[in-house]
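S.K.: Mind looking over this structure? Questions follow.
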Amino acid sequence: MKYIAHVFVIVVRVMLYIAAAAGCIITMIIVISVAYRLLFLSPLQYSDDFVSLLFSALVLLALPFLFASDANIRVSIVSERLPKKLRGVQYWVSEGLSVFFLMLLGTLSLENVAFSYSIGASTDMGQLPIAPWMALLPTSCFLSAIAILLRMFPTLRADVFGRHIPEYRP
């Protein structure tokens, strides 16, 4: 199990580094696009399409790391007011629903990815193929669901995340 956990952590961190690189590339493209527009009085072709795809990639690649490191946003105004016993039940139900939703969304989005690939779908302006970009959604959903599952169980949590992520105590 430790080997699988180690591979999972590496994959999630590599995805985070790629997301950070996408953010840097977005910044460079926007700066170049603005300079191009000011110098040559015309827009840089395809920059809007590429920046949009890179932004969606940035978000989807970073999500599994956020779930794995328990850095996602929690709205706890109601759960903090629950009795101690109900907080534990609420934790398991909310985490279970999150896993269910992510698995369902990932599964349903696979059909769209396959369809886009089969018809050769591309962006309107730049004619960039979008199936590889769309494949990031199911990948992100499945890895995020795995991260939540691993986070829910204390023994798996210690194997995967070590001691630097505090255990959630409802």
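The values are calculated or read from the model by the stated rules, or taken from the named source; none is laboratory data. Keep in mind it's a predicted model, so treat the numbers as computed, not measured. We place every Cβ from the backbone using ideal geometry, glycine too, and count neighbours over all the protein chains shown.
S.K.: Looking at (1) part of a helix (DSSP H, G or I); (2) modelled with pLDDT under 90, which is the only condition residue 70 fails?
M.R.: It is condition (1) that residue 70 fails.
S.K.: Do you know which residues across region 122-137 are of a type in the set (A, V, I, L, M, F, W, C) and either within 25 Å of residue 147 (Cα to Cα) or surrounded by 15 or more Cβ atoms within 10 Å (Cβ to Cβ) (or both)?
M.R.: Start the filter on region 122-137 by keeping residues that are of a type in the set (A, V, I, L, M, F, W, C), which leaves 125, 128, 130-131, 133-137.
Once the filter is applied, which keeps residues that are of a type in the set (A, V, I, L, M, F, W, C) and either within 25 Å of residue 147 (Cα to Cα) or surrounded by 15 or more Cβ atoms within 10 Å (Cβ to Cβ) (or both), region 122-137 yields 128, 130, 131, 133, 134, 135, 136, 137.
S.K.: I need every pair where a residue in region 118-143 that is touching a residue at least 60 places away in the same chain (Cβ under 8 Å) has its Cβ under 7 Å from the Cβ of a residue that is of a type in the set (Asp, Glu) and outside any loop (DSSP other than H, G, I, E, B), sequence separation at least 6 or different chains.
M.R.: Matching pairs, first to second residue: 123/49; 125/48; 125/49; 126/49; 128/49.
S.K.: Run residue 15 past the list (1) under 20 Å from the mean Cα position of the chain (by Cα); (2) among the hydrophobic types (A, V, I, L, M, F, W, C); (3) surrounded by fewer than 17 Cβ atoms within 10 Å (Cβ to Cβ) and report the number of the one that doesn't hold.
M.R.: For residue 15, the failing item is (3).
S.K.: Does residue 14 fit the bill of being more than 25 Å from residue 122 (Cα to Cα), of a type in the set (Val, Ile, Thr), at pLDDT 85 or above and part of a helix (DSSP H, G or I)? Outline the logic, then answer.
M.R.: Numbers: more than 25 Å from residue 122 (Cα to Cα): yes; of a type in the set (Val, Ile, Thr): yes; at pLDDT 85 or above: yes; part of a helix (DSSP H, G or I): yes.
The answer is yes for residue 14.
S.K.: Quick check on residue 93: is it surrounded by 16 or more Cβ atoms within 10 Å (Cβ to Cβ), β-branched (Val, Ile, Thr), assigned to a helix (DSSP H, G or I) and without any contact (Cβ under 8 Å) to a residue 60 or more places away in the chain? Spell out how you get there, then give the answer.
M.R.: Working: surrounded by 16 or more Cβ atoms within 10 Å (Cβ to Cβ): no; β-branched (Val, Ile, Thr): yes; assigned to a helix (DSSP H, G or I): yes; without any contact (Cβ under 8 Å) to a residue 60 or more places away in the chain: yes.
Taking the combined requirement at face value, the residue does not satisfy it.
S.K.: From 58, 44, grab the single residue that is surrounded by 15 or more Cβ atoms within 10 Å (Cβ to Cβ) and in contact with a Gly (Cβ under 7 Å, 6 or more places away or on another chain). If you could, list the steps in order and put the result at the bottom.
M.R.: On the way: 44 fails: in contact with a Gly (Cβ under 7 Å, 6 or more places away or on another chain).
Selected residue: 58, the only one of 58, 44 that is surrounded by 15 or more Cβ atoms within 10 Å (Cβ to Cβ) and in contact with a Gly (Cβ under 7 Å, 6 or more places away or on another chain).
S.K.: Go through region 24-56 and count every residue that is within 23 Å of residue 131 (Cβ to Cβ) and in a helix (DSSP H, G or I).
M.R.: Kept after step one, since they are within 23 Å of residue 131 (Cβ to Cβ), are these residues of region 24-56: 25-26, 29, 45-56.
Keeping just the survivors that are in a helix (DSSP H, G or I) gives 25-26, 29, 47-56.
Result for region 24-56: 13.
S.K.: Restricting to region 111-147, what's the tally of residues that are outside any helix (DSSP H, G or I) and within 21 Å of the chain's Cα centre (by Cα)? First the steps, then the outcome.
M.R.: Within region 111-147, the subset outside any helix (DSSP H, G or I) is 120-130, 135.
From what's left, within 21 Å of the chain's Cα centre (by Cα): 129-130, 135.
So the count comes out to 3.
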